[in-house]
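The structure appears below as structure tokens.
Values quoted throughout were computed directly from the atomic coordinates according to the rules given, and no laboratory measurement underlies them. The model shown is predicted, which means the values in this text are computed figures rather than measured ones. So basically every Cβ, Gly included, is an ideal-geometry build from the backbone, and we count neighbours across all protein chains shown.
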């Protein structure tokens, strides 16, 4: 089975999950005895395309057009679907990123190719691909297979590995998309970048705070710890609903799902809705006064103590240890 | 303006999931259902557009009779009409979106609103599928929506920021938390919703493209190590994170 991987770039840089998608597609194609081609869309993207070789792409199709500098749902759908139609692969891999989750359904409808979204594992079996995906906010795992002729999968960021091999460069084919004015029925006209800390879904480390912090200004303790670790700041639903923190920091069933390598839950009791959003983190640390808090049931390391006492000490110790 | 909010009836967020006897769906026993939380933002956005443009708001839900409860909630919030596309089968998103698009094609709405995803299967793909089937532009995970004449400007959430998207009616928009503050149904609204008719049509069948082979509970994580009870445990915690977990 031949596989196409959508390699997402923004501002002329590949996202980490683009590398994850390409490498997962490479592994799946190898297991099924097929080829893997990466596709990148944007302005002047042929310049960055060779770098995907390090992640297993021997061949990259660079779809270039100055009008594609910013994302456009409609134009990207048309341009990418056209490549997929020409290449006629057996499967297409997307990242389950904000762009991938927007793009993949439209491509799915265009091509009549069903999509298994937000997969956390994909394995080859009997010449087919079987995907594992969390459902009910991670309270259950579904094993699924796609039965349409072209099978599409999107991959949860931070779950699949991306290891760069030295020196490999991909061969790049540059194509110009056939796009008319109508294909830009929706388009991004500007991007507002949040300054400062990384996004909770992309960060390797997330430090989250809950209602036990007692007041919004006490989130300074969370921010200080996050900054010494280069981490993102997360929040429980309670503190977002109380207006202490912005919506885009909320982790849980009605917020973001995160899979960092380290999740530090501070003064968060661990309601089932919160656990749903972070239980796939590789290591979990909990700091909470209440020894019976459910968060301790899933934490790898816990301190049953007061955040006002523990967090300043932890920030100080890390500053020392990490030489900051 | 004709505004349709597509809403779903989902297990509430407190639900403790048990695998059903078929091994492919959850055991429905003891599960309470609710209006999908993100869909409240979609309904509110629809009501606001009607305040701005006039016209009518319609809540549409595809599913069994039980979905009427969720349609009544939308009626109580103030939508003009409710439509149940009746369906007792289990569908994947592709099949569901085809059936919804089939209905919408006849209704010719100016704006179709969804919650960004249902909190049951977490597919987050029906809005985009429906938009493509209708040939409408779409904006997903909208956290801001401004309409002027025929033009629509949305902020959509991306990693580490927002994209500003410009498009025009007719359009499909999926709502993210933060788009607005959904209104609480008034007592009058709740009373009126009880007697408002819910129109029913039979959903058209379409094949599914994703087959569920089985569902299971994720492997239970065992509780870890309690390192201490105050700040004196911090050096040991840092040591574990560096030497055992190797994450910092």
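Observations
- Sorting B:154, B:6 from the fewest to the most surrounding beta carbons within 10 angstrom yields B:154, B:6.
- Put simply, the C-alpha atoms of the protein assembly as shown give a gyration tensor, and the ellipsoid matching it has half-axes of 36, 31, 23 Å, longest first.
- Among A:41, A:303, A:295, residue whose mean-square fluctuation peaks in a GNM of chain A (springs only between Cα atoms under 10 Å): A:303
- Inverting the pair-averaged 1/r between distinct Cα atoms of segment A:3-184 gives 16.1 Å as its Kirkwood hydrodynamic radius.
- Rg over Rh [alpha-carbon atoms, Kirkwood Rh] for segment A:23-125: 0.94
- Residues B:25, B:13, A:163, B:167, sorted so that the one with the fewest Cβ neighbours within 10 Å comes first: A:163, B:25, B:13, B:167
- Taking a ≥ b ≥ c as the square roots of the eigenvalues of the alpha carbon gyration tensor, chain B is prolate, as a/c is not under 1.5 and a/b beats b/c.
- DSSP beta bridges confined to the protein assembly as shown are antiparallel in about 35 percent of cases.
- Once you reduce segment A:87-131 and segment B:59-76 to the center of their Cα atoms, the two points are 31 Å from each other.
- In the protein assembly as shown, the calculated helix contribution to ellipticity at 222 nm averages -8000 deg cm²/dmol per residue, counting -39,500 (n - 2.57) for every DSSP H run with n ≥ 4.
- Extents of segment A:72-122, largest first, come to 28, 25, 14 Å (Cα atoms, principal axes, whole angstrom).
- Rounded to the nearest 10 degrees, the inclination of helix A:220-229 to the longest alpha-carbon principal axis of chain A is 50 degrees.
- Counting Cβ atoms of other protein chains within 10 Å of each residue's Cβ and taking the mean over peptide B:111-124 gives 4.
- Three-way shape call for segment A:199-258 based on the alpha-carbon gyration tensor, with the a/c threshold at 1.5: oblate
- Segment B:1-128: radius of gyration over Cα atoms, expressed as a fraction of 2.2 N^0.38 Å: 1.06
- Here segment A:105-169 is treated as a Stokes sphere of Kirkwood radius computed over C-alpha pairs; at 20 °C and 1.002 mPa s its diffusion coefficient rounds to 161 µm²/s.
- Placing a pseudo-label 7 Å from each Cα along the Cα-to-Cβ vector at residue A:223 and residue B:108 gives an inter-label distance of 5.3 nm.
- Value of relative contact order over segment A:141-300, rounded to a whole percent, pairs C-alpha under 8 Å and six or more apart: 19
- Beta bridges assigned by DSSP with both partners in segment A:3-184 are antiparallel in approximately 30 percent of cases.
- Chain A: relative contact order in percent, alpha carbon pairs under 8 Å with at least 6 residues between: 14
- Scattering profile of segment A:205-321 at q = 0.10 Å⁻¹ [log10 I(q)/I(0), Debye over alpha-carbon scatterers]: -0.23
- Percent breakdown of C-alpha pair distances by 10 Å bin, ordered from the shortest bin, for segment A:158-228: 12, 22, 23, 25, 14, 4
- Averaging the Cα positions of each part gives two centres, and for segment B:151-194 and segment B:225-246 these lie 44 Å apart.
- Shielding by partners, peptide A:143-155 (average Cβ within 10 angstrom, other chains): 4
- C-alpha long axis of helix A:73-87 to longest principal axis of chain A, angle in °: 50
- Where only alpha carbons of chain A are counted, the Rg and the Dmax (Å): 21.2, 62
- Cβ neighbours within 10 Å from other chains - mean over A:41-54: 0
- Relative intensity of segment A:85-217 on a log10 scale, I(q)/I(0) at q = 0.10, 0.15 Å⁻¹, equals -0.52, -1.05, per a Debye sum over C-alpha point scatterers of equal strength in the absence of solvent.
- Distance between the modelled labels on residue A:43 and residue A:173, one decimal in nanometres: 2.6 nm (7 Å Cα→Cβ projection).
- Between 0 and 90°, nearest 10: helix A:16-31 axis offset from chain A longest Cα axis: 60
- Relative contact order %, segment A:1-83, counting alpha carbon pairs below 8 Å whose residues are six or more apart: 29
- Highest mean packing comes first when the peptides B:117-126, A:43-52 are listed by Cβ atoms within 10 Å, giving B:117-126, A:43-52.
- Put the Cα centre of segment A:275-305 next to the Cα centre of segment A:214-252 and the gap is 16 Å.
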